[in-house]
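The values are calculated or read from the model by the stated rules, or taken from the named source; none is laboratory data. Because the structure is a prediction, the values reported are computed rather than measured. So basically every Cβ, Gly included, is an ideal-geometry build from the backbone, and we count neighbours across all protein chains shown.
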Amino acid sequence: MTSPAPALSWGHININVSCLEDSIAFYQKLGFSLLLPGIPYLELNASGESATMPDSAALALGMPRQSAGRACIMQLDDGFPKIDLTQWANGQPQSPPTNADLGLVRLCLASQDLARDYALLREQGVRFLSPPQSMEGGKADIAVCYDPDGTLIELIQLYLDKWQPLIDTSEDTPGT
């Protein structure tokens, strides 16, 4: 007998940043808008001086007591997930992971016209690993850019008509 799964849905993805203002400007280039100039349940705001999180929030997030920072919530559209941008005032930040590391290594955003979006973002000074690349069998084109702190953001244009044979096959596979 299988145990029931928890009733979860998307919430947000947190991205730690070194300069909140620079990161807000970058994510706005990608089409995000500022939803909230703070994260209310952490008692952090985007403006002014860094605020100290409540001890309960620090404990829940595995952060030291007296962790202080500034933050905001951004959205790409009206749906989920949102992104939380957080600039910590204390702590020892590490470099963002690369594609070869374990864990969450990049955020992926869908594009309807990757060539156009790549050109627009390059004109705005966004750095990319490479120009858009066509994937095997023409199933997708991808380009990966860096945010101001080096977090990888994948832009992908899918060609779902090329995926149909794969989807049809997976329906016949046990356990899918």
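Go through region 85-113 and give me each residue that's part of a strand (DSSP E or B) and within 13 Å of the chain's Cα centre (by Cα).
Leu85, Thr86, Arg106, Leu107, Cys108, Leu109, Ala110 - these are the residues of region 85-113 that are part of a strand (DSSP E or B) and within 13 Å of the chain's Cα centre (by Cα).
Could you figure out which of (1) surrounded by fewer than 11 Cβ atoms within 10 Å (Cβ to Cβ); (2) part of a loop (DSSP other than H, G, I, E, B) isn't true of Ser56?
(2)
Here are the criteria: (1) surrounded by 14 or more Cβ atoms within 10 Å (Cβ to Cβ); (2) at pLDDT 95 or above; (3) out of contact with any Asp or Glu (no Cβ under 8 Å at 6 or more places or on another chain). Tell me which single one Val105 does not satisfy.
Failed condition: (2).
Hey, can you tell me all the residues within region 71-87 that are surrounded by fewer than 21 Cβ atoms within 10 Å (Cβ to Cβ) and of a type in the set (Gly, Ala, Ser)?
Gly79
Looking at Ala58, Ala5, which is the one that is outside the structural domain of Pro148 (by TED's automatic domain parsing), touching a Lys or Arg at 6+ places or on another chain (Cβ under 7 Å) and without any contact (Cβ under 8 Å) to a residue 24 or more places away in the chain?
Ala58
Determine, yes or no, whether Gly48 is at pLDDT 95 or above, part of a loop (DSSP other than H, G, I, E, B) and exposed (fewer than 15 other Cβ atoms within 10 Å of the Cβ).
Answer is no for this residue.
Give the residue, chosen from Pro97, Pro93, that is surrounded by 14 or more Cβ atoms within 10 Å (Cβ to Cβ) and not aliphatic (A, V, I, L, M).
Matching residue, one of Pro97, Pro93: Pro97.
Please find, within region 67-82, the residue that is farthest from Phe32 (Cα to Cα) out of those that are assigned to a loop (DSSP other than H, G, I, E, B) and either in contact with a Ser or Thr (Cβ under 6 Å, 6 or more places away or on another chain) or of a type in the set (Asp, Glu) (or both).
Asp78
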